[in-house]
1. Can you tell me the relative contact order of segment 7-88? Whole percent, Cα pairs under 8 Å, sequence separation 6 or more.
2. Divide the volume of the convex hull of the Cα atoms of the chain by its number of residues and quote the answer in cubic angstrom per residue.
3. What distance in nm separates the two pseudo spin-label positions at residue 28 and residue 56, each 7 Å out from Cα along the beta-carbon direction?
4. To make sure I understand the rule: partners must be lysines, Cα under 27 Å from the Cα of residue 37, and not fewer than 8 residues away in the same chain. Which ones qualify?
5. Cut-off is 10 Å between beta-carbons; in what order do 12, 35 appear when sorted fewest neighbours first?
Amino acid sequence: MTVVGRDHERSIAEQFLADASEGFVALVLEGEAGIGKTTVWRDTIGLAERRPCSPKSGSRFKVGRTVVKCSATDKSASAQTAKFTVNVKASR
């Protein structure tokens with residue numbers, strides 16, 4: 001979806017998604033009926049759906065610790081972000 005004239009709202013949504021990768025956050029859209037809250041919400045969901053895991057699935061990990069962050073959104077627009085650490089030890 002292409003949203004026109006909402007650069008400020010999009011930058012807030014992108015920051016929200018970045019913050020969500022670090023823990024629990026909430027995004028509240030307020031305003032009068034008809035001002036475009038649903039459009040902004042759908043655009044935010046689209047941004048979240050395009051956020052892949054980092055590093056990408058199938059990546060090879062170097063020896064040591066690597067933090068993996070992933071985001072997912074279901075059909076009801078419920079979004080979750082998680083992170084975990086992969087610890088690779090050198091073989092002897």
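1. Numbers: 85 pairs, mean separation 22.4, N = 82.
Averaging sequence separation for qualifying contacts and normalising by length gives 27 percent for segment 7-88.
2. Values: hull volume 10.6 nm³, N = 92.
Per-residue hull volume (Cα only) is 116 Å³.
3. 3.9 nm
4. 75
5. Values: 12 15, 35 11.
Lowest count first: 35, 12.
No value in this document is a laboratory result; all are computed from the given coordinates. Please read all numbers here as calculations on a predicted model, not as lab measurements. Cβ sites come from the backbone with ideal geometry, for glycine too, and all protein chains shown count toward neighbours.
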